[in-house]
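Asks: My questions will all concern the structure given below.
Taken together, the values in this text are just the output of simple stated rules run on the coordinates, not laboratory data. Computed from a predicted model, the values in this text were never measured in an experiment. Cβ placement follows ideal geometry from the backbone for every residue including glycine, while neighbour counts extend to all protein chains displayed.
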């Protein structure tokens, strides 16, 4: 999937919901996932709500392209770097928490019509490496 123009930055603004049928989870799919994103081309604010049998978990993150952003959620610290690469947004996040360190490297793309976002991610964790593909559909 590509954006509408090779040099057009990926703009992730909108409300997005998980398409479980198109997504691939290595460790089980959540019951639900919603992302609300404000993207001004430089800074991105993300509010992600993930539902599971244990309840909902909400994570808020503020990120900036071409800079390291640091966010906290509970007892976890997340250090994220974003970089535009043509029609793709490249993301690398290092998470430190009580269960150890986790690194996620992702490629984020939008469909030509801007209605589908794909986050293709490779993880390194204390439990080993794994891959996930999260497909989100725009709902606004």
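Asks: Show log10 I(q)/I(0) for segment 24-100 at q = 0.20, 0.28 Å⁻¹, two decimals, from a solvent-free Debye sum over equal Cα scatterers.
Replies: The calculated log intensity ratios at q = 0.20, 0.28 Å⁻¹ are -1.05, -1.32.
Asks: Same structure again: How far apart, in nanometres, would the label points at residue 21 and residue 64 be if each is projected 7 angstrom from Cα along the Cα-to-Cβ direction?
Replies: In this crude label model, residue 21 to residue 64 measures out at 4.2 nm.
Asks: Right, here's the next one. Could you list 94, 131 in order of exposure, starting from the residue whose Cβ has the fewest other Cβ atoms within 10 Å?
Replies: Details: 94 16, 131 11.
With the sparsest Cβ surroundings first, the list reads 131, 94.
Asks: Relative contact order for the chain: what is it in percent, counting Cα pairs under 8 Å that are at least 6 residues apart? All intermediate terms of the calculation are to be shown ahead of the outcome.
Replies: Details: 351 pairs, mean separation 35.1, N = 140.
Normalised by residue count, the contact order of the chain is 25 percent.
Asks: Please give the contour-minus-distance gain from residue 139 to residue 36: 0.36 nm per residue of separation, less the Cα-Cα distance, rounded to one decimal in nm.
Replies: Here the answer is 36.1 nm.
Asks: What distance in nm lies between label points placed 7 Å from Cα along the C-beta direction at residue 13 and residue 96?
Replies: Each label point lies 7 Å from its Cα, and together they span 3.5 nm.
Asks: Under the √(5λ) rule applied to the eigenvalues of the Cα gyration tensor, what semi-axes describe the equivalent ellipsoid of the chain? Give them in Å, descending. Walk me through the numbers on the way to the answer.
Replies: On the way: eigenvalues 101, 65, 45 Å².
They are 22, 18, 15 Å, listed from largest to smallest.
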